Each structure stands twice: as structure tokens, then as C-alpha cells.
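Engineer: A single structure is presented below for examination.
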Amino acid sequence: MFEKPVVKTFQYGNHTVTLETGVMARQATAAVMVNMDDTAVFVSVVGKKEAVEGQDFFPLTVNYQERTYAAGKIPGGFFKREGRPSEGETLIARLIDRPIRPLFPDAFKNEVQVIATVVSVNPDVQPDIPTMIGTSAALAISGIPFNGPIGAARVGHVDGQLVLNPSNTELETSKLDLVVAGTDNAVLMVESEADNLTEEEMLAAVVYGHDQQQAVITAINEFAAEVATPAWDWVAPEENTALNTKIAELAEAKLVEAYQITEKMARYDRIHEIAAEVNEVLLAEDPEANTKEIHTIFHDLEKTVVRRSIIAGNPRIDGREKDMVRALDVRTGVLPRTHGSSLFTRGETQALVTATLGTQRDAQIIDELTGERKDHFLLHYNFPPYCVGETGFVGSPKRREIGHGKLAKRGIAAVMPSVEDFPYTVRVVSEITESNGSSSMASVCGTSLALMDAGVPIKSSVAGIAMGLVKEGDDFVVLSDILGDEDHLGDMDFKVAGTSNGITALQMDIKIEGITKEIMQIALNQAQGARLHILSVMDEAISGAREEISQFAPRIHQMKINLTRFVTLSVKVAQLSVLYVKRLVRLSKLKTTVQLRSLQPLVSKHKMLSTASRL
């Protein structure tokens, strides 16, 4: 009954990684315990042998959960147990999902669920990389149709050198935090935050990470060969060639014309009319026709029409050339009572962004496995249904909104002042009011503008751009500032944020089985030109932080006092009527820093200092 477990141990940079299966969760389709220098993650995969009849999408679910016992802690709160996923858990779940999803066959519609549970944590080894390795290994031994395995690596840039899977201590001084995943011959996913690195440095980091992760792929292949799970006898369903031909005859010429309509909603209305006409004709001929199959084939025809036109070098859906950015409209100070605001519009994508200044007491306390920390810069992204002309549920943020907000925050983080230089907590909210592609990058641009409008002394303006790809065989076209349709019908979403000096964030999502170094080089260079163009337009609206913060924002001033007077000052703190005085941690031999905060925003700096001097 208890078979001998299969164990594979290999060296991955400075870390020892062990994969083990056969002991736990034997009723799951596959299960792997991965241990990377005492950070251990248990990954299970369950796949259903039969798909739901008529299902036209791939129901892949990825759940990532951190157990506090992994760090020898007991959860807080009244119930003393883990609750809904944290933002960090949601982001790692997305990190796992993105590189594995394109490796399942297009026609595979069976339900698959991945559950990854962190059961032990070494503070120097973040769980995300071992989780991605464990997921890849579990899928490789599951027998489920999967064109993997994948490898994963974190890359740092410390003292001018690239570092594989840097520790948390090394990341504190690193100019780069990049996660890359891919197969043995191509990159599938990139997620990164950087401190103004050049295009060449970013590309070198991606290539370095991909090269290093080959050790993971080799080890997983050897692990899977030893487990030797039989492959499922799944075969892709045969295409209904007769229906394909009939729908092409009815709709192809009309779709070619429809995709020359440049306005999004008018184009969608026309496409819906064509789809309704096709349904009407086919159902009249055969009342038992499968409407879901008709819809799928019609959508595939749309994809063929758009991609064929782009590969042929024709103008894009909205009439632009491949490297053109849509028309820009940039405004600041659009809301009278907020501390900072902007309205950034690029074509039919628009973001209303606000910046709010608070005291250090407003910082977010984040309770992680490795301990508690405070975050003084918050960025929240909202994508209401009206921004795409739809109705829908409005409530807590979804995974996509959390991910887009984090990407925008990464793009801005490199230019934010330190809390010592600017002792405020800053919250940015991006409300997407219109969307036709690249709303996260519109949020980056709008955030930069709103922060400057609020008087936050950011180091420079930041802009973001989304690049796309259409690839057919050896032919490919890289597109700048992609529309929603180009994202949906294309092969890549390649987002780059940065200043005029370099890149601050890079994210890549791919729908095909990887892209090459050549394509990434072209995309980065094309993105640089687009980014510089957007920055030039933004700088015409506002090129630096306003000299004074909003009259409605709280006032915080710092002053030096003699250490010998500090006790007296502490005793007399209660005498302040509109001031809150707090000693900071920063302390020199003879002086200490005191922070003066007005509880009434309009109290002047002079009045604050005058009151404090009388203590």
C-alpha cells in the first residue's frame, strides 16, 4: 500500500532543492513536496478526466495559501485561523497561473485545480520560486496534457552583477527584483521591479534567469521520468470543417469591413450584428445547431481576420501603424478638494487618478510570514464595469485589479521619496473610467501626474506602455500601445514602465509557447520610443512636483532639538491644541528629530514652529 517515495535533489545556484512525491495526497492526480533550503511548499494538482459538454473555456484554478505555522506563528484576530487570501497570496497565485496556462492544449477544456500550500518558511528564501517549481513538477507527473515543464528564477542586480535567487538581504540593495519563467527554449512570463535599468540590462537579466532555470527543467524531466505516470489518452476533438467553411462564407468579408471601424463601441455593435445574422441563418437551416460551437468558430474567424491583416502589414484596427501611440490628453488638478489629481486619456483608455497624503499613522501594517512591516505608499486600481460599457458586480477587488494595481505601484516605486525625506503616507487610487487596452499603464502615467499635482517630490515623471505581438510561423509584428482587441486576439501583453533614464517595471504575459530574445529586444526598443513620447506630452502638463502641497492636506514639519530638552518637550506635549509631536527613531549624538503634525490642515508652518518653540 505504501510505495517508496520518489525523491529528486539538485543544486540550484546557492540553494539545494528537493522534489518528493508518493507519500502525501495520494488521491490527488499528482502531488509534490518541494523544499528549497527549508522553505517547503506542498503542491497538489487535480484534473477531471471529462470536460463539461459544450464548455468553451479552460477552467484552470490556481490557489496559493500561506500557513502561519510555516513560520512558527499563530494567526491574529478573533478566530485565530487563516482567512481570505491576502494581497500577497493573490499576486503569487497569478504568478503561478500565468506561465502554465499557455502550455495546455488549446482544445483542452477539462477542469484543473492547483493548490499550493506553504508549510515551512526560511526567511531568506521567498516561497514564490519553489512554489512555481513545485507546480511545474506536479503537472509534469500528473499525466494531464501539458507542454512543460517550466523553470522559474528570481534575478537581482547587486553591485553591477546579476544574482540568481537573491536573499531578502541582497534584495534590499538590489536595483532589480525580476521573476522569469519559461520552457527549455523560450520565455513565458516576466514580472519585475527595477531602479531605472536600461533596456540592455533588463534583457540581460531575463536571458540570465532563463539560462539559469534550465537546471530546474532538467531536474523535473528526470523526476517525471522516474515517476513514469502514464499520459492521459486525451485527444483534441476533430474540427467541424463544414461549419467552419459555412461561417467563413457568411461572415468573413463582413468582419473584414467591421474591423475597419475605428470606434470601439460602434465596431462591437457591428460585430454583434454579424454574429446574430450568422446564428439566424444557421439555426434556420438546423434548429438543433450548437450555438456555443458557432460562437467559438465565429470568434476564431475574428482572430484570423485581425491577425492576417496585421501580418500583411496593413494599418491596425484604429488606422495606426505598428509603432504609433494613440492620441493623448493629459490634465492635472481636475478635482477641487483632493490633495492631487489627474485625468490621463490615451485613445479610448482613461484613468482618473487621485493622490491623498496622510500621516505615518496611516501606513498600512502588513503581516507576513516573515514578520510585520509598514507600507507608506499605497496604490489601488479599480476597474468598474461601466468603463467597458457593461453592467456587473461591484464590490471587493478581483485578482486582476490587485495585480494591475501592484504593477502600477512597481512602476512608480523607484521614483518615490523615502519616508525620511517626505514623512507622509501616500495613497493613490486609479479609477479606470474608459478602457480599450493598457489601463494599468494609463494608471502609471496618471499616478505620476497626480503625485506631482499633490506636491510629492518624486524623482522624475514615469510613463507606461503596453506592447503586443502577432506571430504566425516565422513572421511576427510587434505593436505599440495595443488596443483591447489586439491584446485579446494577439499573442503577448508586454508592459513596460519607466522614466526617461530607464525601466522601472516590466511585465510580460504570453499566450503562445514562448518568445525569443530577438522579439523581446524589438519590443523593448519600440517601447522605449513610445515611453519617451508619452513622457514629453506629460511634461508639458506638469514636469515637476508643485512647490506646496494642497491646502487641504495635513501639514508635517520636522525640526531638530537638543537632546537634553527632549524630556521637557515630552512632558509638555499635552499642551498642544492643534499639534501632534512625535519623536522619530532617527537619533544623533546630541540631537533628535521631532515631527510636528497639524491636526487641522490649514495651520501654517510658522504657527506650528512658534507653538513648539514655547514649550
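Engineer: Out of segment 491-521, which residues are among the aliphatic types (A, V, I, L, M) and crowded, with 16+ Cβ neighbours inside 10 Å?
Structural biologist: If the condition is that a residue be among the aliphatic types (A, V, I, L, M) and crowded, with 16+ Cβ neighbours inside 10 Å, then Met492, Val496, Ala497, Ile503, Ala505, Leu506, Met508, Ile510, Ile515, Ile519, Met520 are the ones that fit.
Engineer: Would it be correct to say that Leu524 is in a helix (DSSP H, G or I), surrounded by fewer than 21 Cβ atoms within 10 Å (Cβ to Cβ) and among the hydrophobic types (A, V, I, L, M, F, W, C)?
Structural biologist: No.
Engineer: Taking Thr262 and the conditions (1) under 29 Å from the mean Cα position of the chain (by Cα); (2) assigned by TED's automatic domain parsing to the domain that holds Ala31, which numbered condition does it fall short on, given that it satisfies the others?
Structural biologist: (2)
Engineer: Moving on. For segment 492-521, name all the residues that are among the aliphatic types (A, V, I, L, M) and assigned to a helix (DSSP H, G or I). Steps first, please.
Structural biologist: As a first pass, look at segment 492-521 and keep what is among the aliphatic types (A, V, I, L, M): 492, 496-497, 503, 505-506, 508, 510, 512, 515, 519-520.
If the condition is that a residue be among the aliphatic types (A, V, I, L, M) and assigned to a helix (DSSP H, G or I), then Ile519, Met520 are the ones that fit.
Engineer: Related question: Out of (1) more than 25 Å from Asp362 (Cα to Cα); (2) over 18 Å from the mean Cα position of the chain (by Cα); (3) not in a loop (DSSP other than H, G, I, E, B), the odd one out for Phe393 is which?
Structural biologist: The one condition Phe393 does not meet is (3).
Engineer: Tally the residues that are free of Cβ contacts under 8 Å to residues at least 12 places away in the same chain and either buried (at least 24 other Cβ atoms within 10 Å of the Cβ) or charged (D, E, K, R) (or both), restricting the search to segment 481-490.
Structural biologist: 0
Engineer: Cβ-Cβ under 8 Å, sequence separation 6+ or interchain: first residue in segment 266-280 and within 20 Å of Glu293 (Cβ to Cβ), partner β-branched (Val, Ile, Thr). Which pairs?
Structural biologist: Short answer, once both residue conditions are applied: Val278/Ile247; Val278/Ile294; Asn279/Thr291; Asn279/Ile294.
Engineer: Going residue by residue through segment 164-186, is there one that turns out to be farther than 30 Å from Glu372 by Cβ, crowded, with 20+ Cβ neighbours inside 10 Å and out of contact with any helix residue (DSSP H, G or I) (no Cβ under 6 Å at 6 or more places or on another chain)?
Structural biologist: Checked segment 164-186: at least one residue is farther than 30 Å from Glu372 by Cβ, crowded, with 20+ Cβ neighbours inside 10 Å and out of contact with any helix residue (DSSP H, G or I) (no Cβ under 6 Å at 6 or more places or on another chain).
Engineer: Tell me, please, whether a residue that is in contact with an Asp or Glu (Cβ under 9 Å, 6 or more places away or on another chain), within 28 Å of Tyr64 (Cβ to Cβ) and surrounded by fewer than 19 Cβ atoms within 10 Å (Cβ to Cβ) can be found in segment 430-443.
Structural biologist: Looking through segment 430-443, none of the residues is in contact with an Asp or Glu (Cβ under 9 Å, 6 or more places away or on another chain), within 28 Å of Tyr64 (Cβ to Cβ) and surrounded by fewer than 19 Cβ atoms within 10 Å (Cβ to Cβ).
Engineer: A further question on this structure: Looking only at residues in segment 281-310 that are more than 17 Å from Asp487 (Cα to Cα) and β-branched (Val, Ile, Thr), which one is surrounded by the most Cβ atoms within 10 Å (Cβ to Cβ)?
Structural biologist: Ile297
Engineer: How about segment 251-280: which of its residues are surrounded by 17 or more Cβ atoms within 10 Å (Cβ to Cβ) and hydrophobic (A, V, I, L, M, F, W, C)?
Structural biologist: Correct list: Ala251, Leu255, Ala258, Ile271, Ile274, Ala275, Val278.
Engineer: If you don't mind, another one. Going by what's in this entry, would Ser435 be described as among the polar types (S, T, N, Q) and within 24 Å of Ile402 (Cα to Cα)?
Structural biologist: Yes: the conditions hold for Ser435.
Engineer: Is it the case, given these coordinates, that Ser142 is part of a loop (DSSP other than H, G, I, E, B) and among the small types (Gly, Ala, Ser)? Outline the logic, then answer.
Structural biologist: Values: part of a loop (DSSP other than H, G, I, E, B): yes; among the small types (Gly, Ala, Ser): yes.
Criteria met by Ser142.
Engineer: Output the residues belonging to segment 471-480 that are surrounded by 22 or more Cβ atoms within 10 Å (Cβ to Cβ) and either free of Cβ contacts under 8 Å to residues at least 24 places away in the same chain or more than 15 Å from Leu524 (Cβ to Cβ) (or both).
Structural biologist: Result: no residue meets the conditions.
Engineer: Right, another one. Among the strands (runs of 3 or more DSSP E) lying completely within segment 311-389, list those that include at least 1 residues that are buried (at least 17 other Cβ atoms within 10 Å of the Cβ).
Structural biologist: Details: elements: 328-332, 340-346, 349-358, 364-368, 371-375, 377-382.
Counting at least 1 such residues, we get 328-332, 340-346, 349-358, 377-382.
Engineer: Do you know which of the residues in segment 535-552 that are under 25 Å from Thr338 (Cα atoms) and part of a helix (DSSP H, G or I) is nearest to the chain's Cα centre (by Cα)?
Structural biologist: My answer is Leu535.
Engineer: Among the residues of segment 127-165, write down those that are farther than 16 Å from Val62 by Cα, out of contact with any His (no Cβ under 9 Å at 6 or more places or on another chain) and not aliphatic (A, V, I, L, M).
Structural biologist: Scanning segment 127-165 gives Gly143, Pro145, Asn147, Gly148, Pro149, Arg154, Gly156, His157, Asp159, Gly160, Gln161.
Engineer: Taking segment 442-486, which residues are aliphatic (A, V, I, L, M) and in a loop (DSSP other than H, G, I, E, B)?
Structural biologist: Ala454, Val456, Ile458, Val462, Ile482, Leu483
Engineer: Go over the candidates Asp233, Asp184, Asp211 one by one and state the one that is free of Cβ contacts under 8 Å to residues at least 12 places away in the same chain and assigned by TED's automatic domain parsing to the domain that holds Phe104.
Structural biologist: Just a single option satisfies the conditions, and that option is Asp211.
Engineer: Take Glu226 and decide whether it is under 19 Å from Val6 (Cβ atoms) and in a helix (DSSP H, G or I).
Structural biologist: Yes, satisfied.
Engineer: Considering only strands (runs of 3 or more DSSP E) fully contained in segment 1-66, which possess at least 3 residues that are among the aliphatic types (A, V, I, L, M) and under 19 Å from Pro123 (Cα atoms)? Walk me through how you get there before you give the answer.
Structural biologist: Working: elements: 6-12, 15-21, 30-36, 39-47, 60-66.
Ranges flagged: 30-36.
Engineer: From the list Val155, Val163, which residue is over 21 Å from the mean Cα position of the chain (by Cα), under 21 Å from Ala505 (Cβ atoms) and not in a loop (DSSP other than H, G, I, E, B)?
Structural biologist: Val163
Engineer: Could you please let me know if Thr370 is in contact with a strand residue (DSSP E or B) (Cβ under 7 Å, 6 or more places away or on another chain) and either acidic (Asp, Glu) or not assigned by TED's automatic domain parsing to the domain that holds Pro127 (or both)?
Structural biologist: Against the criterion (in contact with a strand residue (DSSP E or B) (Cβ under 7 Å, 6 or more places away or on another chain) and either acidic (Asp, Glu) or not assigned by TED's automatic domain parsing to the domain that holds Pro127 (or both)), Thr370 does not qualify.
Engineer: Kindly provide the set of residues from segment 419-450 that are at pLDDT below 95 and under 17 Å from the mean Cα position of the chain (by Cα), ordered by number.
Structural biologist: Matches in segment 419-450: Gly437, Ser438.
The values are calculated or read from the model by the stated rules, or taken from the named source; none is laboratory data. From a predicted model like this one, the values you see are computed outputs, not experimental measurements. All Cβ positions, glycine included, derive from the backbone under ideal geometry; neighbour counts span all protein chains shown.
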